[in-house]
Amino acid sequence: MSDLAPFRAEVANWLSDNFPQSLKGQGISPFGGVEGEAEIDQDAALWRDRLASRGWGTPTWPAELGGGGLNHAEAKVLSEEMHKVGAINPIPLLAGVGGTMVGPTILEYGSEDQKRRHIPGICSGKIRWCLGYSEPNAGSDLASLATKAEDNGDYWLINGQKVWTSGADISQWCGALVRTDSSVKKRDGISFLMLKMDQPGVETRPIKLIAGASPFCETFFNDAKAEKNDLLGNLNDGWSVGKRLLQHERASQTGARPTSNKVGLSLQQLAKQYVGEDDQGRLSDPDLRTRIASHLMHTKAHGLTVARIAAEAKGNPEVSAAASILKNSATRVSQERAELALEAMGNQGVGWEGDSFTDDEIEHVRGWLSGKAISIYGGSYEIQNNIIAKNILGLPETTQKG
Amino acid sequence: MAALSEEQQMIKDQAVAWVKEQAPLTTFRAMRDQGTELGFFPETWSAMTELGWSGMLVPEAYGGAGLGYQTLGLVLEQLGRNLVPSPLFASSVLGASALMQFGSDEQKQRLLPSIADGSRLMVVAMDEGPRFNPASVATRLLGSPDSLILTGEKCFVMEGMAASDFLVVALIENDAGDPSLGLVRVSADAPGIHRKPVKTMDSRGYANVSFDQVAVNGLDVLIGEGNIEKLFDVAGVTLSAEMLGSAAAAFDMTLEYLKTRKQFGQVIGGFQALGHRAASLYSEMELTRSCVEAALAALDQDRADVAELASLAKGKTSEFLHEMSSQLIQIHGGIGMTDEFDAGFYLKRARVVEAAFGNAAYHRDRFATASGF
């Protein structure tokens, strides 16, 4: 693909002129919402704005809406070149679910007016979106959701409660599934509404999780309002819009989570550090060694499968049902790794805080705990298996009785 | 595979059609019932040689088609689907690969054309005990260049009764007197060679072969650039392609049954316990396929990570075929236990090929070593 060479050179040039060296290799932490060194925070904002000015935070989105207008091959070059200089793209992090889920769905289902009003904010990295899907009584059985929206002539009036809205307390907008017709089959009376979070009818309460942090909220709607022109897709067709959005979510989750420890030790190196090795360089615990080998083989197989499915789908960027296979496989890779690392660390792998443990050790524990959510969110492990059984294998539906 | 070339697609289509029409499981069953010592029907083998499959790997300069491992894998997978018995793997894949890796130009000129046309069955004799273990070969080639003597015992030699030639894995001393593993070709009917059929549960042809003071021509010692580990990588990867085919067929049979068998007034595939099991098996099959395809490509490209990918492919395929063949029986219930039904053939074949050239445990260990722990 020699025709990409000029573009690669252009990207490399632009990066060397625009990427602040202070951010090199810093990863996501300068964008994590925690205040750091003033200079780094300033540079983080500068980098966000420079990247957004080229639309390269959302590289494949239309240029006239603030995206980069690149094709997939060019986007890959951009990401490779950024990786080379130790730069990350902060826009998807800053936009919450705007970059990975809501944005792609607006581009697909939205009116021209909706695209013009919502996409540029996501591209800038300044507008964060959250997602109002789950409710206390609608988890895996999402279609049972009860949050209600009434057409009040001038606007939609929304009442109900959402849960697991990630980042609701720091988001400016929310994409919510709401009930707009209670008289029909539950999937046929749902709509997708977009609403502002900063209004009197919306209240958020962070939920403290087992890992200690509060990345999720309960969100209460008491006569909250949404504009009439912020209905995404057709009235009562929210189930298909919402399902499509989840496919985008799954597609964004097919890569296994990056390892959390900054020093970048491989699992086998980490295990050797804590467990020791025999005179032939083998891990001293042969049982653990076998299970780590199995895990690494599965990790490799997962990576090869992501690449194979991408190659087979070449020229067809449609999100496929295979995403469910990859999500479950990625889940296994991440959770297995966290368990094996913890096991290898022994008593050093049970720390919560304090100076008896290194930062990396604590981070492993917290990561292991928060990673338990991977097989729950975005359609649980079991829901993905339902999808594979029904959509790929053509087996009968098991969850819709009556 | 991202995309098949036109030629590959043609070869695959041909293999799909041939296996379906000419090599159904009823043919395998007939052979099993008849109890042939060869472990395959000679007419099946001639049909395969006429299709050119025996010469797929052999370079054009030596009378073959030089098509490479990825293309060969397409055929092996289809043969695996119907458990088609033939000496293709033992001779045209492993025997040919051994010569291509280890042979001198003279040896290739002399031996490869007849392997390619299927008239010579060149079979590698490796195992000396119940478990695959290249580290414990006792068979030796001794003597001076003009009077070489081969002595040792080999067991579970694939197609050992049908072989016209053996390529014997043996310790061979180099000029400095250090022994290393190499290959020695002998005619199967040479004086001092005794073979005995071994009846295995997959009804294929195996033999225990003893080499008692067998005189070897110096021209038949293969000490080229080859590396015996690499030859076993070829064996593991190509066998994985065949095993993937067997596992895929077992999956298809199972899925079909889940969609047709009714109990409690509904098809049993509608029960979530079985639907989820099918989903897991299918996902595992997709992962396994990626490993096999990547390893075949690595062989064709002679990449540095062949060993790692070969252990990944053989290890993963062994695990998956093991589970799939067990679930084939379990999900079919009572009918799966009957000899009249074909499920048992897959289960019996599975355990044999799982053990060949290193089982899953062997390859996990090897993968761990390759990964530095």
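What follows is calculated from the coordinates using simple rules that are stated; it is not laboratory data. From a predicted model like this one, the values you see are computed outputs, not experimental measurements. All Cβ positions, glycine included, derive from the backbone under ideal geometry; neighbour counts span all protein chains shown.
A few comments on the model shown:
- Surface/4 estimate of mean projected area, convex hull on alpha-carbon atoms of chain A, nm²: 23.1 nm²
- Alpha-carbon centroid distance for the pair region A:1-22 / region A:341-367, whole angstrom: 40 Å
- Centre separation in Å (Cα based) which lies between region B:228-297 and region B:336-354: 15 Å
- Karplus-based coupling profile of region A:125-132, in residue order and whole Hz: x, 9, 10, 9, 10, 10, 10, x, with θ = phi - 60° in 6.51 cos²θ - 1.76 cosθ + 1.60 and x standing for Gly or Pro.
- Listed pairs A:K390/B:K314; A:K162/A:K186; A:K196/A:K228; A:K300/B:K316; A:K24/A:K372 exceeding 20 Å between Cα atoms: A:K390/B:K314; A:K24/A:K372
- Just checking the listed ones, B:V292, B:V124, B:V214: in the Gaussian network model of chain B with Cα springs under 10 Å, the one fluctuating most is B:V214.
- Summed residue charge, Cβ within 14 Å of A:R8's Cβ, Lys/Arg positive, Asp/Glu negative: -3
- Among A:S124, A:S16, A:S166: highest mean-square fluctuation, GNM of chain A, C-alpha pairs under 10 Å: A:S16
- Out-of-range pairs (alpha-carbon distance over 23 Å; input A:K115/A:K208; A:K225/A:K327; A:K76/A:K314): A:K115/A:K208; A:K225/A:K327
- Computed from the C-alpha gyration tensor, the three semi-axes of the ellipsoid equivalent to region A:2-94 are 23, 15, 10 Å, from longest to shortest.
- Percent antiparallel among DSSP beta bridges (both partners in chain A, rounded to 5): 85 percent
- Here the label points at B:A17 and A:E382, each 7 Å from Cα along the C-beta direction, are separated by 4.8 nm in the simple model.
- Estimated from helices alone, the mean residue ellipticity of chain A at 222 nm is -13000 deg cm²/dmol (sum of -39500 (n - 2.57) over DSSP H runs with n ≥ 4, per residue).
- For the pair B:L51 and B:D105, the difference between a 0.36 nm per residue extended length and the Cα-Cα distance amounts to 16.8 nm.
- Burial ordering of B:L79, A:L15, fewest other beta-carbon atoms within 10 Å first: A:L15, B:L79
- Plainly put, the protein assembly as shown has a radius of gyration that is 1.03 times its Kirkwood radius, both from alpha-carbon atoms, as the Rg/Rh ratio.
- With the charge dipole of the protein assembly as shown set up from +1 on Lys and Arg Cβ and -1 on Asp and Glu Cβ about the Cα centre, the Cα lying farthest toward the positive end among the listed residues A:S252, A:G242, B:L281 is that of A:G242.
- When DSSP beta bridges are restricted to pairs lying wholly in the protein assembly as shown, around 85% turn out antiparallel.
- Each Lys and Arg Cβ is given +1 and each Asp and Glu Cβ -1; about its Cα centre, chain B then shows a dipole of about 1240 debye.
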